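Every read-out reported here was derived from the displayed coordinates using simple, explicitly stated rules and does not represent laboratory data. Note that this is a predicted model, so its numbers are computed, not measured. Cβ coordinates were reconstructed from backbone atoms using ideal geometry, including for glycine residues, and neighbour counts include every protein chain displayed.
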Amino acid sequence: MAKRAPEFVVVQDTREQHPLRFPHCEVEVATLPTGDYSAKVGGRSLHDVVAIERKSVSDLLGCIGSQRERFERELERLAQLRYRALLIEGTLAEVAAGLPCSRLSENQILGSLLAWCWKYGAPPIFAGNRTYAARVVATLLRHAARYQRAAREVLEPRQAQPAPEAYREATP
């Protein structure tokens, strides 16, 4: 008997340096064109529809500061997808406080995050910690897969099935 593809799979980018753990989901590692996480449903990749960019607090602060141009290019790619999210492994208070060695002010940090909400359509989701981050990623990907399936069914109605053989033979 042929092995059937799992209905839902979390796809993790090969470049993800600190991967999240998903105890209740199958995980596949693949190179994603954008983001750190996407999904597969019934063997079909959704990387062209959904991506989640994950950042630790220190990574995010680097992206607001010295790595801003590179990160904004990533956000531009993310903005092209129907379902997208910027997931932060920390709280808003932790992000706003910055790092002791950082020269970024609270206003600069919050201003950048809030500007990116409108500019790239990717509001930050503050997960608090890695455990919640993994739960948020899996839940967001499942919802995106469900909404994408529903949208596809509306946009691509099922094709009419050919008439049974007996019917075709009996009609002139």
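Let me spell out the model: positive unit charges on the Cβ of Lys and Arg, negative unit charges on the Cβ of Asp and Glu, origin at the Cα centre of the range 8-170. What dipole size does that give, in debye rounded to 20?
With Lys and Arg at +1 and Asp and Glu at -1, about 160 debye.
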Exercise. Where does each of His47, His143 land when they are ranked from fewest to most other beta-carbon atoms within 10 angstrom?
Worked result: His143, His47
Exercise. At what distance in nm do the modelled label points of Gln17 and Ala79 sit from each other, each positioned 7 Å from its Cα along Cα→Cβ?
Worked result: 2.6
Seminar exercise, completed: What the 10 Å binned alpha carbon P(r) of the range 14-91 shows, as percent of pairs per bin from 0, is 17, 50, 28, 4, 0
For this session: Kindly identify the range 8-170 as rounded, prolate or oblate by the Cα gyration tensor criterion: order the square roots of the eigenvalues as a ≥ b ≥ c, call it rounded if a/c is under 1.5, otherwise compare a/b with b/c, prolate if a/b is larger, else oblate.
Result: prolate
Problem set entry | Gain upon complete extension [Arg146, Ser105; 0.36 nm per residue less C-alpha separation] | 10.8 nm
Problem set entry | Order of Cys117, Cys63 - criterion: other Cβ atoms within 10 Å of each residue's Cβ, fewest first | Cys117, Cys63
For this session: Label the range 66-142 by shape, choosing from rounded, prolate and oblate, from the square roots a ≥ b ≥ c of the eigenvalues of the Cα gyration tensor; if a/c is under 1.5 it is rounded, and otherwise prolate applies when a/b is larger than b/c, oblate when it is not.
Result: oblate
